[in-house]
Amino acid sequence: MRVPLLALAAALVAGPAFAAETVGRIDLSYSDTRWEWPGGYTADNDDRAIGGAVSVTSGGGWGVQIDGRSDSYAWENEDGRDGVGFAAVHGYKRLGRYTVGVFGGSTVFYGSDGALGGVEAQAQLPNAMVSVSAGKAEFEGYTHDYGLWDAQVSGRWYLTEDLAVGGAVGYVDWDRSRREITGWNVGLDAEYKPLETLPVSLFAAARRDRNDFPRYAYGSNTLTVGVRWNFGAATLRERDRKGASLTGAQALGDHLLHY
């Protein structure tokens with residue numbers, strides 16, 4: 001999934017018909033997750049990821065965003081690494097300071113291929129951006145299909161043109177899985193671009209997830225750090241307002257990582 005995503009992003013950036021309207025980013029990140037179960041049992045896992053997004057908006061406000069991420073996830077005291085990730089295409093319409101859209105694509109969940117889709121919206125405020133989404137991911141099992149649906153609300157505040165802080169809250173409901181699970185999450189994040197002349201920013205995030213079985217609950221705490229290459233915009237705020245900032249598929253991808 002990683003190669004098609006980056007190849008398509010490169011084709012869009014290189015295309016002379018779209019170059020002036022193209023905005024995007026490519027990310028490298030590392031995450032450390034501590035899982036906690038009843039009885040004091042814990043596990044420390046790590047995730048190495050590459051991802052990105054690119055968007056093209058026409059003069060009429062119609063646009064397309066392509067995004068995705070490939071995660072290499074390792075559980076403590078286990079050999080090998082698991083593959084989790086997604087690739088999605090978003091279609092959207094900008095209506096002044098509001099944006100509405102739909103998305104669809106594919107996902108991988110510990111070796112199982114699935115499909116995802118959903119709806120999303122965004123509102124641009126004077127010094128902030130608010131995003132909402134609802135989505136569904138579906139996988140084929142041996143005896144029946146299973147999946148999850150989610151809802152996510154996030155906000156991003158711009159302290160300067162190149163310094164942003166954010167927060168998010170979400171809900172997850174697994175459907176027809178081996179055991180019925182519901183969950184919620186909260187998170188905080190920040191991004192900073194230190195040099196005007198260098199299109200590179202640094203980001204960090206903290207996230208808390210809780211998953212509820214019928215008889216017990218478990219959760220995880222995740223810390224993430226990363227570096228991001230930005231193109232098509234001079235500042236972080238301009239990049240987010242021009243595009244490549246719809247969050248529906250990303251929220252589903254994050255929820256799959258924290259099941």
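The values are calculated or read from the model by the stated rules, or taken from the named source; none is laboratory data. Predicted model only: the values in this text are computed from it and were never measured. Ideal geometry is used to build each Cβ from the backbone, glycine not excepted, and the neighbour counts take in all protein chains shown. We work out accessible area using only protein heavy atoms, side chains counted, and drop any ligands, DNA or RNA first. Shrake-Rupley method; radii C 1.70, N 1.55, O 1.52, S 1.80 Å.
Worth a mention:
- Whole-number accessible area per residue in Å² for the chain, which is evaluated in the context of all protein chains at 1.4 Å: 48 Å²
- Computed [θ] at 222 nm, deg cm²/dmol, the chain (DSSP H ≥ 4; -39,500 (n - 2.57); rounded to nearest 500): -3500 deg cm²/dmol
- Simple Cβ-charge dipole of segment 201-259, Lys/Arg +1 and Asp/Glu -1, about Cα centre, in debye nearest 20: 120 debye
- Listed by chain and number, the lysines whose alpha-carbon sits under 27 Å from that of residue 193, ignoring those within fewer than 8 places in the same chain, are 242.
- Largest-first ordering by accessible area, 1.4 Å probe, given options 148, 223: 223, 148
- Per-residue ³J(HN,Hα) for segment 42-59, Karplus 6.51 cos²θ - 1.76 cosθ + 1.60, θ = phi - 60°, Hz, x for Gly and Pro: 9, 8, 9, 10, 9, 9, 10, 9, 10, x, x, 8, 9, 10, 10, 10, 7, x
- With the charge dipole of segment 144-259 set up from +1 on Lys and Arg Cβ and -1 on Asp and Glu Cβ about the Cα centre, the Cα lying farthest toward the positive end among the listed residues 213, 165, 249 is that of 213.
- Simple Cβ-charge dipole of the chain, Lys/Arg +1 and Asp/Glu -1, about Cα centre, in debye nearest 20: 780 debye
- Taking the chain and dividing mean pair separation by its residue count, relative contact order in percent (alpha carbons under 8 Å, at least six apart): 19 percent
- Net charge of neighbours whose Cβ lies under 12 Å from the Cβ of residue 103, counting Lys and Arg as +1 and Asp and Glu as -1: -1
- The gain in end-to-end length when the residue 238 to residue 160 segment is fully stretched comes to 27.0 nm, 0.36 nm per residue minus the alpha carbon separation.
- Accessible area in the full protein assembly, largest first, 1.4 Å probe, for 125, 28: 28, 125
- Each peptide in 114-121, 29-36, 239-246 receives the mean, over its residues, of other Cβ atoms within 10 Å, and ordering these scores from highest gives 239-246, 114-121, 29-36.
- Summing Cβ point charges (Lys, Arg +1; Asp, Glu -1) relative to the Cα centre of segment 144-256 gives a dipole of roughly 120 debye.
- The modelled label-to-label distance for the pair residue 221/residue 200, using points 7 Å beyond Cα in the direction of Cβ, is 3.1 nm.
- Modelled FRET efficiency - R0 35 Å, residue 113 with residue 182, Cβ distances, 0.05 increments: 0.90
- Compared with the direct C-alpha span, the chain from residue 74 to residue 134 gains 18.8 nm at full extension, assuming 0.36 nm per residue.
- Full extension of the chain segment joining residue 93 with residue 175 gains 26.4 nm, where the gain is 0.36 nm per residue of separation less the Cα-Cα distance.
- Area of residue 225 that stays accessible when all protein chains are in place (1.4 Å probe, Å², to 10): 90 Å²
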